[in-house]
1. Give the shape of region 231-350 as rounded, prolate or oblate, defined through the alpha-carbon gyration tensor: a ≥ b ≥ c are the square roots of its eigenvalues, a/c under 1.5 means rounded, and otherwise the shape is prolate if a/b is larger than b/c and oblate if not.
2. Could you compute Rg(Cα) / (2.2 N^0.38 Å) for region 288-350, with N its residue count?
3. Tell me what the chain gives for mean residue ellipticity at 222 nm when only DSSP H runs of n ≥ 4 count, each as -39,500 (n - 2.57), the sum divided by the residue total, rounded to 500 deg cm²/dmol.
4. Comparing GLY130, GLY76, GLY283, which has the greatest mean-square fluctuation in the GNM of the chain with Cα pairs linked when under 10 Å apart?
5. Which of TYR122, TYR327, TYR253 moves most in a GNM of the chain, Cα contacts under 10 Å?
6. Compute the separation of the alpha-carbon centres of region 183-210 and region 284-339 and state it in Å as a whole number.
7. Only helices at least 18 Å long along their own axis, judged from Cα atoms, and with Kyte-Doolittle mean hydropathy of 1.0 or greater: name those in the chain from DSSP H.
8. For the chain, modelled as a GNM with alpha-carbon contacts under 10 angstrom, which of PHE15, PHE277, PHE188 fluctuates the most?
Amino acid sequence: MVLSFITWTVRPEVFQVDSLNLTPNVLTLGILLCVAWLIIDRVLDRKRSEKDWSGTLMAGLIGLGLAYLRANNPEGLTVGPIAVRWYGMMFLIGFIIGYRIIWHMFRHEGAPESWLPTLLIYVAVATIVGARLGHVFFYEWDYYSAHPEKIIAFWEGGLASHGGTIAIIIAILIYSRSVTKRSSLWTFDRLVVAIALVGCLIRLGNLFNSEIFGTATTLPWGFKYPLSREWQMLYAPTDSACHPTQIYEALAYLTLFVVLMWMYWKKNAQERPGLIFGVFLIGIFLPRLLIEFVKNPQEEFERAMTLNMGQLLSVPFILAGILLVYYAMTHPRLHLTFPNKFPDENKPAK
């Protein structure tokens, strides 16, 4: 018998508007504007002392998206009702706050401010593309191999955090080589502090969506999810509450965020390259591995597995985190200076 429970009836939408008709002319105009943006951005970039490809990359991505919509909807496209969802809002809030956190870190260490916009583009693109491809390859390859046109339809659902992590690692390796010219550990040790907070907010987005919850429980903080089709099929017949695993993970990641902030600002842990990154990997994926034991399988094939796909994918990251912590603690500590200003700050205008 459930002694106490919380019935979660919050809808995933923040707000909704009526249908929006995008005619072929509107889509074509959008493509032309993106082409103009590309040209103008390249002309202006020639006048800059440092190359910044973020504007070009963003315009290119938007242009390709519009071109795809135009090619596949020659008669026009009706989008509606347009819904702004809490999940997307949590993502956006996380990126905004995370950008500000890293801005303060870069300024604290005297790193160029011009590195920030490019870093945001690299991480945003890697997160979405990697999380989508992670779901495609790790969880539903049989379906997507038969329907490849659905791979880009990330708005229909299906993102995997392990895929996003792999893509971000690849993106930062490229970013460090082409932009900062520093060790990738330098970027990772700053970036992951913000990512821990983003992870917390994403799990709260899952809560608003009434998704990725746990198995039945009689604990007093059990949740019922009447808006979830999965809960209605599995648990409504017995009126069972479930583990709110979204909250478990959100609290774990929030705790990790506080620890990493303390390590950076109070203990100057960035002077041991790889230490913050290693603690992050352990702090993200060890709770994920443990919480999965009380979480419903995301795909049918996982029911026959001792460790599900999320747990198996977490193990290499945990081991990598342990190795990074060992590496950081067995190598000499650096002695960094903290000018608390950007390199070009307070310079007289030319």
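Bear in mind that the values in this text are calculations on the coordinates, not laboratory data. These numbers come from a predicted model, not from an experiment.
1. Details: a/c = 3.37, a/b = 2.12, b/c = 1.59.
The shape class here is prolate.
2. Details: Rg = 22.4 Å, N = 63, 2.2 N^0.38 = 10.6 Å.
Against the empirical 2.2 N^0.38 Å value, I get 2.11 for region 288-350.
3. On the way: 11 runs with 201 residues, N = 350.
Theoretical 222 nm ellipticity from helices: -19500 deg cm²/dmol.
4. Looking only at GLY130, GLY76, GLY283, the largest GNM fluctuation is found for GLY76.
5. Highest fluctuation of the listed residues: TYR327.
6. 14 Å
7. On the way: long enough: 24-45 (31 Å, 1.57); 54-72 (27 Å, 0.97); 86-109 (34 Å, 0.66); 115-138 (33 Å, 1.60); 161-175 (20 Å, 1.84); 184-208 (35 Å, 1.48); 245-265 (30 Å, 1.15); 275-291 (24 Å, 2.51); 309-330 (33 Å, 1.66).
Passing helices, by number: 24-45, 115-138, 161-175, 184-208, 245-265, 275-291, 309-330.
8. Looking only at PHE15, PHE277, PHE188, the largest GNM fluctuation is found for PHE15.
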